[in-house]
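Throughout, read-outs are computed from the coordinates displayed, never taken from laboratory work. Treat the numbers as computed from the prediction; the structure is a model and nothing was measured. With ideal geometry, Cβ positions are generated from the backbone for all residues, glycine too; neighbour counts draw on all protein chains shown.
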Number of protein chains: 4
Amino acid sequence: MINILRLSHVVIRVTDLDKARYFYSDLLGLIETEKDGDYVYLRGIEEGQHHSLVLKKASSAGLSYIGFRVAKSEELDKAKEELKSLGLKVMKYKEKGVDDGLLFETPGGIPMFLYYDMEYVGDSRLDFYKHKGVNPIRLAHVNFVVKDLEKEIEFLKKYMGYYETEIFLDSDNVKTVSWLTKRGDSHEIAISKSSKNSPGFHHETYYVHDVKDIIRGCDILASAKLWDSIERGPGRHGVTEGYYVYFRDFDKNRIEFFSSDYIVLDPDKWKTIVWTYDQFRYRSDFWGRPIPQSWLTEWVPVEDISTGNLKGWS
Amino acid sequence: MINILRLSHVVIRVTDLDKARYFYSDLLGLIETEKDGDYVYLRGIEEGQHHSLVLKKASSAGLSYIGFRVAKSEELDKAKEELKSLGLKVMKYKEKGVDDGLLFETPGGIPMFLYYDMEYVGDSRLDFYKHKGVNPIRLAHVNFVVKDLEKEIEFLKKYMGYYETEIFLDSDNVKTVSWLTKRGDSHEIAISKSSKNSPGFHHETYYVHDVKDIIRGCDILASAKLWDSIERGPGRHGVTEGYYVYFRDFDKNRIEFFSSDYIVLDPDKWKTIVWTYDQFRYRSDFWGRPIPQSWLTEWVPVEDISTGNLKGWS
Amino acid sequence: MINILRLSHVVIRVTDLDKARYFYSDLLGLIETEKDGDYVYLRGIEEGQHHSLVLKKASSAGLSYIGFRVAKSEELDKAKEELKSLGLKVMKYKEKGVDDGLLFETPGGIPMFLYYDMEYVGDSRLDFYKHKGVNPIRLAHVNFVVKDLEKEIEFLKKYMGYYETEIFLDSDNVKTVSWLTKRGDSHEIAISKSSKNSPGFHHETYYVHDVKDIIRGCDILASAKLWDSIERGPGRHGVTEGYYVYFRDFDKNRIEFFSSDYIVLDPDKWKTIVWTYDQFRYRSDFWGRPIPQSWLTEWVPVEDISTGNLKGWS
Amino acid sequence: MINILRLSHVVIRVTDLDKARYFYSDLLGLIETEKDGDYVYLRGIEEGQHHSLVLKKASSAGLSYIGFRVAKSEELDKAKEELKSLGLKVMKYKEKGVDDGLLFETPGGIPMFLYYDMEYVGDSRLDFYKHKGVNPIRLAHVNFVVKDLEKEIEFLKKYMGYYETEIFLDSDNVKTVSWLTKRGDSHEIAISKSSKNSPGFHHETYYVHDVKDIIRGCDILASAKLWDSIERGPGRHGVTEGYYVYFRDFDKNRIEFFSSDYIVLDPDKWKTIVWTYDQFRYRSDFWGRPIPQSWLTEWVPVEDISTGNLKGWS
C-alpha cells in the first residue's frame, strides 16, 4: 500500500499553448504560475502548490499523466519497489517544481505520477479582486476509462488506499463505473469501463464554491463564441450530488466545474451507493436531462510513460 | 387602441386539482389565495391581486384564457366596441374577484380577458419565512402559437399598444417568432407561428429573483421523482437574455421560471433585435445547448370563449 | 407637468480621475464609454446610452447634477417655461453626447438636468466574458437631502409626475424620508429631510441582478485594501425590500448596489407604505442591523447650477 | 494521543423545547430525528448520524458538552486511561443512540464527549424538496473560551491530534485566539482566551453550501420578527475566509452559518497564519465591518460533567 495523501495535478496535451492559456486562464480563470518553454503551469485560487493543471504542447490532445502526492517522502522508494513487484511500468521522473518523482502506469494503463515535494508559490484565496472567470478553487477529481474495471479498482483500493463511494451497474448488473475517494470528498477518482478506446482520459474537475460560477462559465464561453466548448450541463449529478458543467477546450480535452458534493464523514459507515440500471434516468443527471452522445463516447488517449507518445486505441 | 396596463393572469385547465395544487403550490411555491369549487387561485410573492394563475378543473389540459388589466375602467366599454368592430368574438365575463370583464378572441383565436378591477388581497413580499419552492415573484409573460403571425402582431401593436423587442427569422427570412412588451420588460408576450396545432398555448412564465431559484426548481421536482416534469434547461436565452427552465405539470401544461432579463429603458431607441436563422445555434439557448423536441412541438389547445370547450386543431 | 420618461444619469465630482476610474470601473465594473479631458463617462452593462455616471474632475466631492430623460423632445421647451414660471433657476446646458438640455434647480436646491436625446453607443448585455466587478446593470435611483421635504415632494409629484411608494415618519409622526417612482420600480428617487447640510446628495444606486454581486463588491474592495470604502451592509432594506451595500469612493462620494426590489404593478392600488418610528428597528435594514453613524450623517454638497461651485451648507 | 476522527455533535441547553424546535428546525431547517422527553435531536442535510445538535431542556442556556467521534472503538478505553493520567475529570456516559461513551473535561474546563458508535438514521442529501430554512449541511466547528489558552491548545494538539491553522495576536503579540483542525477544513475548533466568564461556549457552526443560504437565514428570522436573534453579519471572515452569519436563539445560545472556507490540502506545508493586532480591522470581518459588542463579550457557560450544573463564572 502506497500512502497516498491526495490527488494533486493533471498534465494534459494541447496543440496551441496560447489558445489553451486563453481558454483555461483568461476565460475560465485558472491562475497562471508560469510559462516555461512548451509548458504552462496553472493552479486554482486556493492552491498554493506550483501547479494543479499543466498544459503541455504536443501534437494532439490527451493525458500525459495524473499526479498524486504521497504522505511522506519515504513513500517514493517504497512505491517504486511495490509497483515493480506488481509488474507495472515505473520510472523516476521530474517536473518543473518537482525534483523527485515516479511515473508509473496502472494495470489499466493509466499514467500516474507520484511525488512528495512540489515547489510552493502561495495561494490567492483572499485576493478576491484578482479572481476571474469561474473562480476555480482547486482540483477536485479525475475521470478515466479502462478495459478491466474491477482490476483497476482493486489496484486503487489495495495499493493506493482508495475506497468506493458509489457505483453504476449496467443492465446485466455488472459494475460499469466506480467512484473512489481517499481524502473524504465524494470522490477523487472516477473510472469507467470501456472495451474500446481504452485506456482513456475522460476529464479532470475543478471545484467552484458557488453554482453561480458554473452558470457563469457557460455565459463566458458562449459570449466568447465558443459554443463548441459547452458540452454538457449545467446540471446536478445524482451520483456524488454535485452541480456540474462540462467544457471542451480547443483540442477537445474535457474539463468539469463542480460544486456542492458531500463529505464522507464516517468512511466506516459509508455503504457504497449502488445505482442500478433502472435508475439510469436520474443517476448521472439527477434532473433526468439527456446526456449528449459526445459525453458518453468521446474522451482522449493517454501517453505511454516510456515514450511520451499516445497509446493507440483498440 | 385599448389602453392596456399590463399582463395580469392566466387560467389553465387541469384534470386533477389536488395534484395540480401539489405541483404549483406545495412544490413550486405559488401562493394559494383560495380554492373555490373547481378553481384554485394562485399568485406570486410580490402580487397582491387575488390571482395570477388560476387552475380550472377540466377534462384535459389547455388554456382557458389570458388576462390583461386595462389602465382605466372606461377602457372596457371602449374595448367592447372596438373588438366588435374588428369582427372579433367578445362577451362580458366575470371571474372570482372580478365582477366586470370582457372575454374576447384575438384574430389568431387566442382567448383573452380584459378587466379593470380585481379583488386585492395583499402581497407576501416581506414574509420571507413563508416563501418556499422556487420563490416565484410575479407573472412575467405568456407564449402562444397562431397560424398568421403577422396579423396577430399587428393586432397586438395596433389595438393593444404592444411593440416588438425581438424576433426570429426562419431560413427563408420570414418572421417565425415575435417578442412584444408594453410595460418595458424584455417581453410580456411571445408569439410563434405554426401551421398546425394552432391556436395553441405554449407556456406562461413567472419571474424569480435569483438563478439559484431556477436551479432549485429542478432539484425539487427531481427529488419528488417528477423527472417527466423537467423538460428544458436550466439555460440562458439569447433572445431576452433571461435565465430559464421549463417544467410540465401532470397534464403537460408548461410553465417557465425566468430571471435576469433586461428593461427597455428607451422604447424609442430600441431597435427590434433580429435573430437570423444562421444564429439558430445560440438564439434560443445562448449556450447552444440543444432544444428538446417536445419543447419545439408540444403545447396545449385553447378554449373557444363561447363554449368553454377546447378548439380543435388543424 | 413635465413628461419625464425616467431617471437617466448622475454627474459627480471627483478630485482624481484616475483613482476614480480605478474604483468605479476597474474594481466595481462600470463600463467606460470614454474619457474626455476632465470627464470620464461610465455606464452599466444593460445601458446603451453614452453615460449613466459621469466622473467630473473638481476640487472636492459633490453632486454636479442628476439627469432625467423626458418623454418627447417638445417637453424641453415646455419644461423651461414651466420651471421659470415656478421661479426656479433654469438654463440651457449641453453635455458630451447631449446637445440639447436644461439645467435647473428644484425648490430644495437640487441640481437636475433634463434632455431628450443622448448619443447611443450600445449595451454590453450579452458580452458576459467582459463583465467584471459587481456586474452593475443600470442606474436604479438617487437619494438626496433637502430642508423642506414636503415642498420637494410636491414639486416632484406635481411637476415631474412622480408618486410616493413608501415613507418614513419620525417620532413626531412627521414625514422624514420619501421614496418616489415613475417608471414603476420601488423607487427612482428617495428624499430625506435635514435641517442642516442641505441641499445634499446622499448616493446614487446601480442595480445588480444577483445578491452575490453585492457580496462580491465587498470582497473586491476589501481585498484591494479599501476597507474605508465599505460603509454599510450587505443588508436587506425593509423599505423597498432590496438587498443593498453602500460604498464610498476616494472622495467619499457614496454609491449603492441594489437588487431584488419590487415592481409597482398597479399604481392605482398602491397604498403608500408608512413606516412609523416604532418600526425604526427594521425599516431601513430589515434584519435590524445597526446603521453606521456615517451613513446617517455624511453626504456630499451639490453644485449651484449658475456657478458650478458647491453650495455652502447651513 | 487519542485518535479522534472528527467533531461530531453539540448538546446545548434550552429553557423551552418547543420554542427551540421552532427556531432551529421550523425556521432554520435543521432536521429533527426525534424528540424524546427533555431532548430534541437534530441533524443537518448531509448527516446520517442520529444527531449533530441536541437541544436539552434545562433551567438556562449553556453548553452541555461537545461530542467527538474517535477513529476506532478501542480508542475509548485508551482515552479513559490517558485522560485520567492527565488528572482530568472523566466518566462513562451514554446518549440516546450512543451506548458507549466518555464524558471528560479539558484542562480549560470544557466538557467533551468521546464515542465510537452512534445510531445511524440516514442522510437527506437528495431530498431537496424537503429541505428548508438555510439548508444546513453539517456541523462545521465549535468555538469556546478558556482562561489558559496555550495550555488548552497544547492539550488539543498533543492528546487529540489537532493542529493550528490560524491565530490572532493581541496588541502585546500574545496569542488570543486559535483555530485548529484535524479533518482538514479551515478549522473544527476555535478557542479564545478570556480571563473572565470562562470556561464558556461561544458558538457552534453549520456549513451551508451557498452564501445565499446565509442571507436567507437573515430574511427568515427578520420576517418572523426575531430581530433580536440576528446578531452579527452577514460577512466574510478574514481568518478562515468563510462567509458567516451569527444568530442567537431564544435563550441567547449562539449559532453560526458558514460557507466557502478552504481545505488544508498539505498540512505539512501549512504555515499557521498569524494575524497581528494591526490587522485587527479585517482579520475577523474581512470587509472591516464593526463587530457588535455582544459578539465580543457574550457567550454561555458550560456544565460541570459531574453534576450537570453550569459552572459558575469568575
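Points worth noting:
- Taking every C-alpha pair closer than 8 Å and separated by at least 6 residues, the mean separation divided by the residue count of chain D gives a relative contact order of 18 percent.
- A rounded overall shape is assigned to chain A, the ratio a/c of its alpha-carbon gyration tensor axes (a ≥ b ≥ c) being less than 1.5.
- Here the Kirkwood formula, the inverse mean of 1/r across different C-alpha pairs, assigns the protein assembly as shown a hydrodynamic radius of 32.7 Å.
- Copy-to-copy label separations for B:Y163, where each label sits 7 Å from Cα toward Cβ, in nm and ascending: 2.3, 6.6, 6.6
- Violating pairs (Cα-Cα greater than 18 angstrom) within the set D:K72/D:K182; A:K78/D:K271; C:K151/C:K193; A:K35/C:K130; B:K96/C:K271: A:K78/D:K271; A:K35/C:K130; B:K96/C:K271
- Percent breakdown of C-alpha pair distances by 5 Å bin, ordered from the shortest bin, for region C:4-115: 2, 12, 21, 23, 18, 13, 8, 3, 1
- Couplings for region B:253-261, taken from phi via the Karplus curve 6.51 cos²θ - 1.76 cosθ + 1.60 with θ = phi - 60°, read 4, 10, 10, 10, 10, 8, 7, 6, 7 Hz in order; Gly and Pro are left as x.
- FRET efficiency for the D:Q279 to C:W270 pair, using the beta carbon distance and R₀ = 56 Å, is estimated at 0.70.
- Ranked by how many other Cβ atoms sit within 10 Å of their own Cβ, fewest first, the residues B:K56, D:K182, B:K78, C:K271 fall in the order C:K271, B:K78, B:K56, D:K182.
- For region C:1-93, the list of GluC sites (Glu not before Pro) that fall in a loop by DSSP and count at most 12 other C-beta atoms within 10 angstrom reads C:E74.
- For region D:182-276, diffusion coefficient by Stokes-Einstein and Kirkwood Rh (Cα), 25 °C, 0.890 mPa s, µm²/s: 165
- Beta bridges per DSSP with both ends in chain C, % antiparallel, nearest 5: 75
- Label-point spacing at D:M91 relative to the other copies reads 6.7, 8.2, 8.7 nm, in ascending order, each point sitting 7 Å out from Cα along Cα→Cβ.
- In this structure the amide hydrogen of A:W287, modeled in the peptide plane, comes within under 5 Å of the amide hydrogens of A:R236, none closer than 5 places in sequence on its chain.
- Residue-by-residue Karplus 3J(HN,Hα) for region C:27-38, coefficients 6.51, -1.76, 1.60, Hz, glycine and proline x: 7, 8, x, 5, 8, 8, 6, 6, 10, 9, x, 8
- Residues of region D:69-111 falling in the label zone of D:K151, defined by backbone nitrogen less than 13 Å from a point 7 Å along Cα to beta-carbon, are D:87-89, D:106-110.
- Dividing the summed -39500 (n - 2.57) terms of all DSSP H runs of n ≥ 4 by the residue count of chain A sets its mean residue ellipticity at 222 nm at -4500 deg cm²/dmol.
- Where chain C is rotated onto chain B, the residue of C whose Cβ comes nearest the axis, and that gap in whole Å, is C:D210, 3.
- Per-residue HN-Hα couplings for region C:55-62 [Karplus 6.51, -1.76, 1.60; θ = phi - 60°; Hz; x = Gly/Pro]: 9, 10, 5, 8, 7, 6, 5, x
- Rounded to 5, percent antiparallel among DSSP beta bridges of region D:4-115: 75
- Cβ-vector label at 7 Å, D:T15, separations to other copies in nm: 5.4, 5.8, 7.4
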